[in-house]
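The values are calculated or read from the model by the stated rules, or taken from the named source; none is laboratory data. What you see is a predicted model; the values in this text were computed from it and never measured. With ideal geometry, Cβ positions are generated from the backbone for all residues, glycine too; neighbour counts draw on all protein chains shown. All accessible areas refer to the heavy atoms of the entire protein, side chains included, with ligands and DNA or RNA removed. Shrake-Rupley method; radii C 1.70, N 1.55, O 1.52, S 1.80 Å.
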Amino acid sequence: MSTDHESPKAHRPEGAHEPHAFFAHHFNTPDQQAGAAKLGMWVFLSTEILMFSGLFLAYFIVRMFYPDMVLAAHEHLNKTAGGINTVVLITSSVTMALAVRAAQVGNTPAIKRNLLLTIMFAGVFMVVKYFEYTAKFEHGMLPGKYYTAFEHGYYIPGNPHIFFAVYFCMTGLHGIHVLVGIGVLTWVYIRASKGHFGPNYYTPVENVGLYWHLVDLIWIFLFPLLYLVR
Amino acid sequence: MTETKLHLHGKPVEGFVELHEHISPVSTYMKVFGALLVLTALTYAVSYMSLGPASLPVAMIVAVAKASLVCMFFMHLKYDERYHVFIFLSTLIFVGIFFTFTIFDLSSRTKLQEVQGTFFLKDFDREPEAPPPMPVEAHGEGEAAPAEH
């Protein structure tokens, strides 16, 4: 159609989607732009997995060296709270997936509703986590030299301060990811309120969704390893 | 998919295909949600059966099943470009290399140190500063009643 090389739309092939309001001039088609963003997101998620893998390895090493201590110490984690948080996070993952679907079909009220639900579940997760952490602080079950559980009437044989170091590092880093998730979800919610997203352009919703699913994915492994395994 | 040609600097580019996002029906998401809840209940139940050394592999298999469901349906990897699947799986391969070599090193190092007669830090047990009081009766959840001082 167009052979005008001066125009930014010069290389858009016939049959490609129409450019949207957020189409950057250095891409040939909107789909190319979306694909590039998604590729970048997947590379970022890979680095996230590699970052958490170090902590998972630390857990497995502690478990390998001190199996009895890990078994005794993990009994002091609140399984009910962990289970509630698992269900909360899985539900938030579903609402996030539904928000992406709403964006794909161009239903802005549904995007906003599902994003709000996701943010709400993320908040519930952090509240439960807050109560869990408070209980651990009160019982002196803290990492390293701060471990004083024996002063509070809890005697765990071995060296449980190492287990609680691993516990706080893993759930703490995961909790930071949930907080960041609440932040980016709020940003996407504000943009959805402005009506930025539709079937032609929903890259931010999709990529924030991918991030949120990864946070869920990590918890799927954290929960049985820290709370349940015996 | 329509046959489209991408022209770059006036020349057609080979192998250009437009992306077409797959839109899953809501029922698919609800089925996956149900499956995830069932698997969560299964993990919970399995932890109460004393499976002994099998408990870790079983818990991991259930977790991997849940993770695959999330990846395939929520993260759309099932319908996505294969290249994203490749990135994801290659990450897991590198995690596997990381785990294998570190665990192999740590588990074989013990033997070396035994041969050399080196004191190994692993056998160091931290003694609490205060003499440990009697173990608390309720030895279950974290909410166990704090002991009187």
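Quick notes
- Tallying residues that are part of a helix (DSSP H, G or I) and open to solvent by less than 50 Å² (accessible area, probe 1.4 Å) within region B:59-85 yields 15.
- Scanning region A:75-87 for residues that are crowded, with 20+ Cβ neighbours inside 10 Å and more than 7 Å from every other protein chain (Cβ to nearest Cβ) gives A:82, A:85.
- Helices (runs of 4 or more DSSP H) contained in region A:28-138 and holding at least 2 residues modelled with pLDDT of 90 or more, polar (S, T, N, Q) and under 30 Å from residue B:48 (Cβ atoms): A:79-105
- Entry remark, region A:140-164: residues being surrounded by fewer than 20 Cβ atoms within 10 Å (Cβ to Cβ) and within 22 Å of residue A:125 (Cβ to Cβ) number 2 in total.
- Residues (facing chain B (nearest Cβ under 9 Å), open to solvent by less than 10 Å² (accessible area, probe 1.4 Å) and touching a residue at least 60 places away in the same chain (Cβ under 8 Å)) located in region A:213-228: A:213, A:214, A:216, A:220, A:223, A:225, A:227, A:228
- When restricted to residues that are among the polar types (S, T, N, Q), surrounded by fewer than 19 Cβ atoms within 10 Å (Cβ to Cβ) and touching a helix residue (DSSP H, G or I) at 6+ places or on another chain (Cβ under 8 Å), region A:92-112 contains 1.
- Output for region B:25-57, where each listed residue is over 14 Å from residue A:223 (Cα atoms) and buried (at least 18 other Cβ atoms within 10 Å of the Cβ): B:29, B:32, B:33
- Residue count for region A:183-197 satisfying the condition of being surrounded by 19 or more Cβ atoms within 10 Å (Cβ to Cβ) and within 14 Å of the chain's Cα centre (by Cα): 1.
- Test for residue A:200: is it within 30 Å of residue A:109 (Cβ to Cβ), in contact (Cβ under 8 Å) with a residue 24 or more places away in the chain, of a type in the set (S, T, N, Q) and surrounded by 19 or more Cβ atoms within 10 Å (Cβ to Cβ): no
- For the criterion of being open to solvent by 20 Å² or more (accessible area, probe 1.4 Å), modelled with pLDDT under 90 and aromatic (Phe, Trp, Tyr), residue A:23 passes.
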